[in-house]
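The values are calculated or read from the model by the stated rules, or taken from the named source; none is laboratory data. The model shown is predicted, which means the values in this text are computed figures rather than measured ones. With ideal geometry, Cβ positions are generated from the backbone for all residues, glycine too; neighbour counts draw on all protein chains shown. Just the protein is used for accessible areas: all its heavy atoms, side chains included, with ligands, DNA and RNA removed. Shrake-Rupley method; radii C 1.70, N 1.55, O 1.52, S 1.80 Å.
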Amino acid sequence: MNTEILVVDPHHPQPEPIAHAAAVLRAGGVVAFPTETVYGLGADALSESAVSRIFAAKGRPANNPLIVHIADLDAARRLASHWPAAAEKLASAFWPGPLTLVVPKADSIPAIVTAGGPTVALRIPDHPVARALLLAAQRPLAAPSANLSTRVSAVRAEHVAAGLSCRIELILDGGPTACGLESTVVDVSGPRPRLLRHGVIGAAELTAALGEDIEIVERHAGDHDVGIASPGMHRKHYSPAVPLDIVDGSGAADLAELLRTKSKIGWVSCGGDASPTAPREGVVQICLADEPEAYARRLYDTLHTLEAAGVEHIVVERPPRAPGWEAIHDRLTRAAAK
Ligand code: TXA
Ligand code: MG
């Protein structure tokens with residue numbers, strides 16, 4: 001299959017590419033599109049055969065459920081068999097935005113979307129292209145991140161193309177995404193809200209909006225699926241194609257050791273203080289901000305850049321253990337999992 005790429009204005013999407021993408025989706029096709037977090041790989045959420053094409057394109061295991069994207073709150077409520085009070089509070093505080101809510105599913109959602117489970121994950125994205133596409137397609141869109149399963153999420157159309165070219169009909173290229181990291185996932189289907197995946201919105205903000213504490217579900221629940229609350233919480237996920245290590249301090253000794261056997265290494269420093277003093281032969285260095293939002297915006301882009309540069313190993317300086325960095329530590333730990 002030839003994958004078409006259409007450039008679209010991220011702020012004021014042109015009607016023609018949006019109408020074309022909506023037609024592809026209505027015909028059961030798969031379209032990658034930008035959201036404010038990462039690129040999504042969308043298909044008609046109400047069509048079992050369309051959704052099955054997402055799983056095939058990504059190589060995603062059938063037991064990992066998808067997020068369904070909708071344009072507004074009414075559409076969200078229609079996809080839930082029951083709309084919990086906590087969902088109402090969080091939706092009014094953070095939608096449209098980088099928050100995914102897990103609620104009891106309506107019968108209209110095919111089992112393939114929820115991996116056979118009784119709940120569905122819902123999100124109203126805050127990106128003009130995603131919103132225009134949802135309105136034009138006139139249906140909910142199931143959309144996981146637009147990367148091959150277990151690999152680093154795409155934050156530019158080029159990353160989508162590198163992983164999924166020839167597997168999907170269309171990529172809407174709306175430039176780099178604003179957040180650079182996936183949405184926060186909160187399960188509000190039970191008696192107490194539970195944070196299933198750290199993301200752009202932190203636990204403190206969620207607690208403030210809810211007026212009650214949120215339980216943070218222990219991740220790393222194991223390498224098998226039985227009993228894990230959210231399969232995307234697999235230990236190894238969000239990984240580059242080459243090994244990645246997290247180190248404390250300047251990395252100088254680690255880099256020297258690796259350079260004995262490898263000729264090209266990526267070094268991702270944080271803030272600049274602890275970087276090797278001078279550029280070194282064989283080391284591609286990228287320095288990220290020492291502030292979590294700016295760091296998150298560039299993290300996946302950096303990993304993709306290093307992969308494309310052909311490094312054989314990536315070494316990342318451990319970022320600060322401070323509030324606001326939770327999602328970054330979570331993703332780095334997974335990327336480093338052996
Ligand atoms: O920012 C994002 O969330 C992006 C954009 C495209 O919206 N999407 C994304 O989707 O990251 P994906 O499929 O890569 O991650 C979805 C996460 C997975 O960890 C999945 O297991 C979890 O949400 N999830 C989906 N449905 C669930 C459900 N019913 N119960 C618990 N977890 C669920
Ligand atoms: Mg993903």
field: Cα centroid separation - the range 283-298 against the range 164-201, whole Å
entry: 20 Å
- prompt: With all pairs of different alpha carbon atoms counted, what Kirkwood hydrodynamic radius in Å does the range 1-107 show?
  reply: 15.6 Å
task: Can you tell me the FRET efficiency between Arg280 and Ala322 if r is taken as the Cβ-Cβ distance and R0 is 25 Å, rounded to the nearest 0.05?
output: 0.30
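Would you mind putting 141-149, 124-132, 329-337 in packing order, based on average other-beta-carbon counts within 10 Å, highest first?
On the way: 141-149: 25.0, 124-132: 22.8, 329-337: 19.1.
Top to bottom by mean Cβ count within 10 Å: 141-149, 124-132, 329-337.
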message: If I stretch the segment between Ser49 and Ala252 completely, what's the gain in nm (0.36 nm per residue apart, minus their alpha carbon distance), one decimal?
response: 68.0 nm
message: If you average the C-alpha positions of the range 23-84 and of the range 97-126 separately, how far apart do those two centres end up, in angstrom?
response: 9 Å
query: By how many nm would the segment from Met1 to Ile216 lengthen if fully extended, with 0.36 nm per residue of separation less the alpha-carbon distance?
result: 73.2 nm
Fraction of beta bridges assigned by DSSP in the chain that are antiparallel (%, nearest 5): 35 percent
query: For Gly42, which sequence-distant residues (separation of 5 or more, or a different chain) have an amide H within less than 5 Å of its own amide H, given hydrogens modelled in the peptide plane?
result: Val31, Ala32, Phe33
query: Round to a whole number: what % of the accessible area of the chain belongs to carbon and sulfur, probe 1.4 Å?
result: 53 percent
query: Taking only DSSP H segments of four or more residues, each worth -39500 (n - 2.57), what value at 222 nm results for the chain once the sum is divided by all its residues, to the nearest 500 deg cm²/dmol?
result: -9000 deg cm²/dmol
query: What are the radius of gyration and Dmax of the chain, computed over its Cα atoms and given in Å?
result: 19.8, 60
field: Note, ³J(HN,Hα) from phi for the range 201-208, Karplus 6.51, -1.76, 1.60, rounded to Hz, x at Gly and Pro
entry: 8, x, 4, 5, 5, 5, 4, 4
task: Let me know the Rg and Dmax you get for the range 242-338 when you use only its Cα atoms, in Å.
output: 12.4, 37
- line: Computed over the chain, protein heavy atoms only, probe 1.4 angstrom, the accessible area per residue in square angstrom equals 41 Å²
- line: The helix 85-94 Cα axis meets the longest alpha-carbon principal axis of the chain at an angle in degrees, between 0 and 90 and rounded to 10, of 60 degrees
- prompt: Can you list the lysines whose alpha carbon is less than 26 Å from that of Lys236, not counting same-chain residues fewer than 8 positions off?
  reply: Lys58, Lys262, Lys264, Lys338
Built amide H within the under 5 Å cut-off of Cys287, gap 5+: Ser269
message: Just to be sure I understand the curve: with the Debye formula and one point per C-alpha of the range 84-186, what is log10 I(q)/I(0) at q = 0.12, 0.20, 0.25 Å⁻¹?
response: -0.47, -1.29, -1.52
- prompt: Hey, which lysines would be in cross-link range of Lys105, C-alpha to C-alpha under 22 Å, not counting anything within fewer than 8 residues on its own chain?
  reply: Lys89
statement: Along the dipole axis of the chain (charges at Cβ: +1 for Lys and Arg, -1 for Asp and Glu; origin at the Cα centre), the most positive-end residue among Pro98, Pro292, Ile54 is Ile54
field: Summed residue charge, Cβ within 11 Å of Val24's Cβ, Lys/Arg positive, Asp/Glu negative
entry: -2
